[in-house]
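Asks: Could you have a look at this structure, given as structure tokens, before my questions?
The values are calculated or read from the model by the stated rules, or taken from the named source; none is laboratory data. This is a predicted model, so every value here is computed, not measured. Heads up, the Cβs are rebuilt from the backbone with ideal geometry, glycines too, and the neighbour counts pull from every protein chain shown.
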Amino acid sequence: MISKMDIQNSMIQAVETVRKENPMAGSITNTVTINFVANAQLAVGGSAAMVYLPDEGEFLAKNGGATYINVGTLLPVYEDTLPHTAKILQEMKKPWVLDPVAVGIGSLRTQLLRQFKEYKPTVIRGNASEILALAGLWGLDGGTKLSNVRGVDSMDSVSAARNAAIALARWTGGAVAVSGETDLITDGSVVVLSHGGSHFMEKITGAGCALGGVIAVYATAASPFIAALTGTAVFNLAGSRAEKKVEGPGSFQVHFLNELYKASAEDIANNPFEIEEA
């Protein structure tokens, strides 16, 4: 099993590379959270571009370092944009992050997420219920029926999604990040539990979406597993630091972005986590 020191050294390298190279990680994302996603990507050292159209998605796939696809608020044009972009990303072997927001709600969302199985996302990020439902939709071990999902809210614990996350990671050959009180990240052979964060993250719109965008930034500079863990770690670190400075969710969002920007590579790598075998 990989050592904690090796993981931390890889995380430091990912953070330093991103801040040095300012890589492009474009997004086709939730219209409710576009601003927050872009600002979080910029805060950690990446470059952001938000698009909707099929030709723009193709441009991102071909020219960006990585792409973030979030199905949170679907526009009719996404029926063409999302599978077209995912197909090109796979063909070009470019990293991409999938956020299966509200999987199971509506036929178009279900159709698109079912299509993504063959394109094998580099990283999948979601809450426990979304991870369970996506594994179920894809017919993988540990999955549940779509009827158990309730919008964007998680009705399940992170630990309940462990087997589903491992199955998804093994199918894609990438990594899965399950967000919750204690976050779980796996590449199908190793499981890491990452600690920190803030209860205010549940009181603002788009914390999970922004995390997906930040993981895409790190995916330009690291393996899927390290990208997912580094993104999660910097969010947990920034969240816990920001919470100490604020009284409510409005100011929390401002301080959270500040802490993303200020976090050192060493502090991110040293944010508490444990390693387990899958």
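Asks: Exactly one condition in (1) among the aliphatic types (A, V, I, L, M); (2) at pLDDT 95 or above; (3) buried (at least 19 other Cβ atoms within 10 Å of the Cβ) is false for residue 49; which is it?
Replies: It is condition (3) that residue 49 fails.
Asks: Answer with yes or no whether residue 85 is surrounded by 19 or more Cβ atoms within 10 Å (Cβ to Cβ), touching a Ser or Thr at 6+ places or on another chain (Cβ under 7 Å) and among the β-branched types (Val, Ile, Thr).
Replies: yes
Asks: What are the residue pairs meeting all of these: first residue in region 114-139, first residue basic (Lys, Arg), second residue assigned to a strand (DSSP E or B), Cβ atoms under 7 Å, and 6 or more apart or on different chains?
Replies: Pairs found: 125/97; 125/99; 125/177; 125/179.
Asks: Condition test on residue 229, is it buried (at least 24 other Cβ atoms within 10 Å of the Cβ), closer than 19 Å to residue 273 by Cβ and either out of contact with any His (no Cβ under 8 Å at 6 or more places or on another chain) or not aromatic (Phe, Trp, Tyr) (or both)?
Replies: yes
Asks: Let me ask something else about it. Out of the residues in region 52-96 that are under 16 Å from the mean Cα position of the chain (by Cα), under 18 Å from residue 113 (Cβ atoms) and not hydrophobic (A, V, I, L, M, F, W, C), which is modelled with the lowest pLDDT?
Replies: Only one residue fits best here, namely 72.
Asks: Does residue 132 fit the bill of being aliphatic (A, V, I, L, M), more than 19 Å from residue 66 (Cα to Cα) and buried (at least 24 other Cβ atoms within 10 Å of the Cβ)?
Replies: Judged against the criteria, residue 132 is a match.
Asks: So, one more: In this structure, does residue 193 turn out to be on the phi < 0 side of the Ramachandran plot, part of a helix (DSSP H, G or I) and of a type outside the set (Gly, Ala, Ser)?
Replies: In short, no.
Asks: Identify, from the list 214, 178, the residue that is in contact with a Leu (Cβ under 8 Å, 6 or more places away or on another chain), buried (at least 22 other Cβ atoms within 10 Å of the Cβ), within 19 Å of residue 102 (Cβ to Cβ) and of a type in the set (Val, Ile, Thr).
Replies: Exactly one of 214, 178 is in contact with a Leu (Cβ under 8 Å, 6 or more places away or on another chain), buried (at least 22 other Cβ atoms within 10 Å of the Cβ), within 19 Å of residue 102 (Cβ to Cβ) and of a type in the set (Val, Ile, Thr), namely 178.
Asks: Right, next: All but one of (1) under 16 Å from residue 30 (Cα atoms); (2) surrounded by 22 or more Cβ atoms within 10 Å (Cβ to Cβ) hold for residue 108, so report the exception by its number.
Replies: (2)
Asks: Counting just the residues of region 1-27 that are touching a helix residue (DSSP H, G or I) at 6+ places or on another chain (Cβ under 6 Å) and under 23 Å from residue 83 (Cα atoms), which one comes out surrounded by the fewest Cβ atoms within 10 Å (Cβ to Cβ)?
Replies: It comes out as 27.
Asks: Where in region 1-89 are there helices (runs of 4 or more DSSP H), lying wholly inside it, with at least 1 residues that are closer than 19 Å to residue 99 by Cα and of a type in the set (Gly, Ala, Ser)?
Replies: So the answer is 34-43, 54-63.
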